[in-house]
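Since the structure comes first, as structure tokens, the remarks are kept for the end.
Taken together, the values in this text are just the output of simple stated rules run on the coordinates, not laboratory data. Keep in mind that this is a model prediction, so the values were computed, not measured. When we count neighbours, we look across all protein chains shown, and the Cβ atoms used for this are built from the backbone with ideal geometry, even at glycine.
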Amino acid sequence: MESPRVGVVRESMLHRPLLIKPALGKTKSRGLSYPGPDFVFGTGTTVQDGGVPEAISSWHSHTMSTRNREAERDFIALNREGVKSGLVTAKELHQYRATHDIRRQPLTREGFRRSAPARIPPDASFGITNRPSTPISELMEYKFAQKWLEEQHAKDKILQAHRHKKAQLGRIQDTRTTMLRKSRPLPEPPSMWKMPRFQQLMERERSVNLIKDLPLLITACQVAVLIAPGGTSSGHLSRS
């Protein structure tokens, strides 16, 4: 219940919080206008489950709104017209763009190029093929494990061959000089003790054998000289 007011009550007084008197048992009003009691606050929810009624009753299509879009300046056309007018420097072209204005026409739906439809064969089936069934006989024979072991052995052989080849490529081949450096002469066994007279006898026997074999050595040298190339030297040696 509002207390009686004295004087003229204007409608503008009901929108000013300082002039509004609070009613008994109610909160003080802020002077805001509210809709009627039948008004429902919030937004209405429309259920779109993609069913048959929605597909039959409505058809949603997107359209390009070109009304609110501002047309862009066509700088290519401005440069072309400036060159036709005889302007070649950057300053003259800048002044020409400031005094002239050419806009591009807004793109419409017909301005977009539609992509060509994909060429799909008529008998093509979409989807993923199912995995072939595993034969039970091979599963019971432990064939998959044996196949895996064979593949691992083949991989190990290839790896070992690669390592052996790599080791051979990185190894330095031994030459005669390196072999001689590595080899050591065998130590000569100490000779047994002999009497001095027997040592002189053995030296005499060696000299006698050498004198006996001297004709054979001379004959062998002559044969080698005859067989060797070069006629003059071989003939001279044979005559001598």
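Which FRET efficiency, nearest 0.05, do residue 33 and residue 125 yield, Cβ-Cβ r, R0 45 Å?
Once rounded, the FRET efficiency stands at 0.10.
Between residue 172 and residue 153, what is the spin-label point distance in nm, taking each point 7 Å from the Cα along the Cα→C-beta axis?
Output for this residue pair reads 4.0 nm.
Given R₀ = 45 Å, FRET efficiency for residue 103-residue 19 by Cβ-Cβ distance, to 0.05?
So, using R0 = 45 Å, E works out to roughly 0.25.
Can you figure out the FRET efficiency of residue 12 with residue 48, using R₀ = 30 Å and their beta-carbon distance, to the nearest 0.05?
Taking R0 as 30 Å, the efficiency between residue 12 and residue 48 is 0.05.
Amide H neighbours of residue 73 under 5 Å, at least 5 residues apart or on other chains, H built in the peptide plane: list them.
Counting only residues 5 or more places away or on other chains, the set is 104.
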